[in-house]
Amino acid sequence: MSQRSAEEILSELQRVTEEAVNQLNLLQEEELFRLAETRERLVNEFQCHKARMTQQNREQIEYILNFDKMIVERMEFLKNEAGAWLQRRGSAKQQLNAYQQQYAADSWFIDHRN
């Protein structure tokens, strides 16, 4: 396999990043995971060009990095949403367990309210 140029790699990195940001509010965990993997692969591929970076390469990288804050915010939103769901589920399970205690068949339940 022939080595791709820095410009080709950065162009692909920019394309996948812009595509993701254009539909960011629709992306779920799996798509964000694949985006992170793709970007990591491209950054690793770019490493061999690091010593010969041009000013244009630097500007393109800076442009791409400007999208990172939005992507991270979406990831944090999904993480917090999942955490809140887990907490609600745990709370509901606790309440359910409190009302479904295992009692012996011959035991008595006395309600002291009135």
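FYI, it's all coordinate maths here, none of it is from the lab. Please read all numbers here as calculations on a predicted model, not as lab measurements. Cβ sites come from the backbone with ideal geometry, for glycine too, and all protein chains shown count toward neighbours.
I'm a student and want to see the number: the projected area of the Cα convex hull of region 40-84, averaged over all directions, in nm². Over all viewing directions, region 40-84 projects a mean Cα-hull area of 3.8 nm². If the chain linking GLU45 and ASN80 were pulled fully straight, counting 0.36 nm for each residue of separation and taking away their Cα-Cα distance, it would gain 9.4 nm.
Among the chymotrypsin sites (Phe, Trp or Tyr not before Pro) in region 1-74, none sits in a DSSP loop with a Cβ that has at most 11 other Cβ atoms within 10 Å.
Compared with the direct C-alpha span, the chain from ARG88 to GLN14 gains 22.8 nm at full extension, assuming 0.36 nm per residue.
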